[in-house]
Amino acid sequence: MEAVDPNIYRLAIFVLAIFVGYYVVWSVTPALHTPLMSVTNAISSVIIVGALLAVGAAAAGAGDGAGFAQGLGFVAVMLASVNIFGGFLVTQRMLAMYKKKEKPAAPKPETEQ
Amino acid sequence: MSVNLAAVLYLVSGILFILALRGLSNPETARRGNYFGMAGMALAVLTTLLVIGLGGMTLVFIAIAVALGGGTGAVIARKIPMTAMPQLVAGFHSLVGMCAVLVAAAALYAPAAFGIADPMGGLKALSLVELSLGAAIGAITFTGSIIAFLKLQGLMSGKPIVFKGQHWLNLGLGVAIAVFIVFLTASGGEARAAFWIITAVALALGVLLIVPIGGADMPVVVSMLNSYSGWAAAALGFTLENTALLVTGALVGSSGAILSYIMCKGMNRSFISVILGGFGGETAAGAAEDTSGRTVKQGSAEDAAFILKNAGKVIIVPGYGMAVAQAQHALKEMCDALKEEGVDVSYAIHPVAGRMPGHMNVLLAEAQVPYDEVFELEDINSAFSQADVAFVIGANDVTNPAAEDDPSSPIYGMPVLQVWKAGTVMFIKRSLGSGYAGIENPLFFRDNTMMLLGDAKKMTESIAKAMH
């Protein structure tokens with residue numbers, strides 16, 4: 001029997017992650033939808049991984065395209081950093097504002113979750 | 001570092017991102033969730049640094065780039081007013097989009113750097129398809145988000161820009177992208193010009209896709225672009241064979257898609273009709289005609305204060321107008337005064353009350369309104385019949401009963417807050433004008449409605465003053 005193409009495994013991870021995302025996101029309380037957007041924005045900057053690899057192109061002996069790739073990588077690392085720092089910090093700032101009522105009142109759940 | 005260890009660490013980082021989102025199910029756990037997210041990001045970055053090796057100038061370059069970008073990001077995060085969150089998020093999406101394009105290009109020019117080169121130093125066909133898809137989606141996200149940013153920031157009119165043959169043009173550009181992806185793949189990555197053509201066409205497509213969408217539909221657009229940025233990251237996750245990127249892309253993509261769905265449902269609009277655009281531009285000219293014969297009951301701040309003070313239960317319905325007038329802090333003070341009088345105060349939030357999902361909740365949280373006094377539409381709608389006063393501030397269309405009983409109304413079918421079931425409805429409005437869609441609100445002319453005409457902030461302040 002021939003071996004399964006590793007791409008199929010990646011596809012499997014991707015599809016399963018979509019399902020995880022579906023259930024996790026539906027359980028997010030609507031009151032936190034704005035922080036959800038800013039934090040998803042921050043984590044999507046994990047694309048910085050690709051940018052870092054590009055910066056390391058020369059070290060990896062990537063041939064004639066290496067210099068160009070390094071330049072692109074430098075800009076990409078910078079843009080992704082704006083997003084990482086900006087995204088996580090603004091999320092933190094927002095989340096810090098959500099406060100509960102001070103005096104204990106009749107517990108009324110905000111949502112069903 | 002061994003390739004296998006790196007792959008495991010990337011997986012851990014993906015799991016930390018899942019936990020980051022999981023934390024958001026409750027404001028109590030959300031802060032911890034955010035730390036999980038940060039840890040996941042730090043882990044992914046460190047792993048990558050160890051993979052490429054820390055030698056030479058590489059690390060210096062990276063440090064400079066991170067310092068420049070990170071510094072800018074930190075300053076923005078600290079300074080940005082909460083009312084500007086939608087445009088900030090749109091701006092951030094554009095950066096993710098651009099980043100995807102740059103990384104895709106780097107992968108095309110130096111595949112060996114990413115460990116994805118074939119023995120000849122070229123790229124596999126599948127990698128080429130994935131990276132050009134990533135670049136195309138990234139480019140659409142980039143320009144689309146810029147347009148969204150300009151519209152939200154008010155630098156560009158919120159009016160939809162429509163012209164003849166627009167949808168056919170977009171379709172044509174989409175087909176062109178597909179053709180050039182095939183061309184690039186067939187050339188084995190040699191035809192690099194094709195890559196740049198794909199990017200250029202996608203940049204144009206991003207602009208064309210967003211310009212016809214009116215300002216009122218911006219909450220959907222911002223969510224949709226959030227989703228796009230995720231799919232762009234996922235496409236590159238396939239190219240770079242990186243689990244952290246794959247998982248994150250899938251999470252962000254589905255998150256944005258779900259938020260778009262929630263926003264569409266909140267406005268009773270189909271996703272397709274939002275995408276096709278053209279809504280919210282023309283204001284109904286007919287509205288002025290039939291108002292003339294009907295009378296409106298106007299009240300003063302003193303009248304309002306008297307009724308509110310003697311009420312048992314008051315529900316506040318804030319809209320974006322409140323945020324525009326910066327009235328949220330004055331509102332909080334008024335409500336504190338009410339609570340001192342023993343009045344039960346709660347807040348009702350419509351899904352599209354702000355300019356992005358959950359925006360109004362953030363604005364109220366900023367004004368130090370406790371989150372357990374704030375309720376979503378489906379949780380509070382049944383409570384209006386027991387309320388003595390519904391206090392509508394800066395909202396209009398989301399309280400329009402025509403959405404329930406007038407099939408000819410453009411917003412018919414949209415879920416609305418049933419404020420009219422309360423004993424008295426108070427509207428703070430600058431004038432008797434109509435809402436964003438140019439729709440007249442018949443509530444203004446009802447007997448149990450009191451119109452408080454004036455600036456939301458000043459009016460709220462005077463009511464609070466009149467209570468003492």
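Observations on the structure shown:
- Subset of the range B:110-132 (residues that are in a helix (DSSP H, G or I) and surrounded by 24 or more Cβ atoms within 10 Å (Cβ to Cβ)): B:Pro111, B:Ala113, B:Phe114, B:Ser127, B:Leu128, B:Glu130, B:Leu131, B:Ser132
- Any pair with Cβ under 6 angstrom, 6 or more apart, that starts in the range B:81-105 at a residue that is surrounded by 24 or more Cβ atoms within 10 Å (Cβ to Cβ) and ends at one that is among the charged types (D, E, K, R): B:Pro86/B:Arg355
- Per the listing A:Val75, A:Val25, A:Val20, the residue uniquely open to solvent by less than 50 Å² (accessible area, probe 1.4 Å), assigned to a helix (DSSP H, G or I) and not polar (S, T, N, Q) is A:Val25.
- Listed by first and then second residue, the pairs with beta-carbon distance under 7 Å, at least 6 apart or on different chains, first residue in the range B:338-360 and without any contact (Cβ under 8 Å) to a residue 40 or more places away in the chain and more than 9 Å from chain A (Cβ to nearest Cβ), second in a loop (DSSP other than H, G, I, E, B) and of a type outside the set (A, V, I, L, M, F, W, C), are B:Val343/B:Gly312; B:Asp344/B:Gly312.
- B:Thr47, sole failed condition from (1) surrounded by 14 or more Cβ atoms within 10 Å (Cβ to Cβ); (2) more than 21 Å from B:Asn4 (Cβ to Cβ); (3) over 28 Å from the mean Cα position of the chain (by Cα): (2)
- Taking the criterion of being open to solvent by less than 40 Å² (accessible area, probe 1.4 Å) and hydrophobic (A, V, I, L, M, F, W, C), the residues of the range B:50-63 that qualify are B:Ile52, B:Ile62.
- Restricting B:Pro407, B:Pro357 to those that are surrounded by fewer than 23 Cβ atoms within 10 Å (Cβ to Cβ) and either outside the structural domain of B:Ala216 (by TED's automatic domain parsing) or closer than 22 Å to A:Ala96 by Cβ (or both) reduces the list to B:Pro407.
- Those residues of the range B:59-90 which are at the interface with chain A (Cβ under 7 Å from one of its Cβ atoms) and not in a helix (DSSP H, G or I), in sequence order: B:Ile80
- Residue within the range B:30-38 that is surrounded by fewer than 21 Cβ atoms within 10 Å (Cβ to Cβ), more than 9 Å from every other protein chain (Cβ to nearest Cβ), part of a helix (DSSP H, G or I) and touching a residue at least 40 places away in the same chain (Cβ under 8 Å) present: no
- Residue that is farthest from the other protein chains (Cβ to nearest Cβ) [pool: residues in the range B:373-408 that are out of contact with any strand residue (DSSP E or B) (no Cβ under 9 Å at 6 or more places or on another chain) and closer than 25 Å to B:Asn26 by Cα]: B:Ser382
- Of all residues in the range B:148-177, those satisfying the criterion of being modelled with pLDDT under 95 and either among the β-branched types (Val, Ile, Thr) or within 13 Å of B:Val96 (Cα to Cα) (or both) are B:Ile161, B:Val162.
- For the criterion of being open to solvent by 10 Å² or more (accessible area, probe 1.4 Å) and either modelled with pLDDT of 80 or more or closer than 24 Å to B:Ser127 by Cβ (or both), A:Ala58 passes.
- Note on the range B:39-58: among residues that are in a helix (DSSP H, G or I) and more than 9 Å from chain A (Cβ to nearest Cβ), the one that is farthest from A:Met37 (Cα to Cα) is B:Leu50.
- Filter result (of a type in the set (D, E, K, R) and buried (at least 20 other Cβ atoms within 10 Å of the Cβ)) within the range B:387-404: B:Asp397
The values are calculated or read from the model by the stated rules, or taken from the named source; none is laboratory data. The shown structure was predicted, so the numbers you read here are calculated from the model rather than taken from an experiment. All Cβ positions, glycine included, derive from the backbone under ideal geometry; neighbour counts span all protein chains shown. Surface accessibility is based on the protein's heavy atoms, side chains included, excluding ligands, DNA and RNA. Shrake-Rupley method; radii C 1.70, N 1.55, O 1.52, S 1.80 Å.
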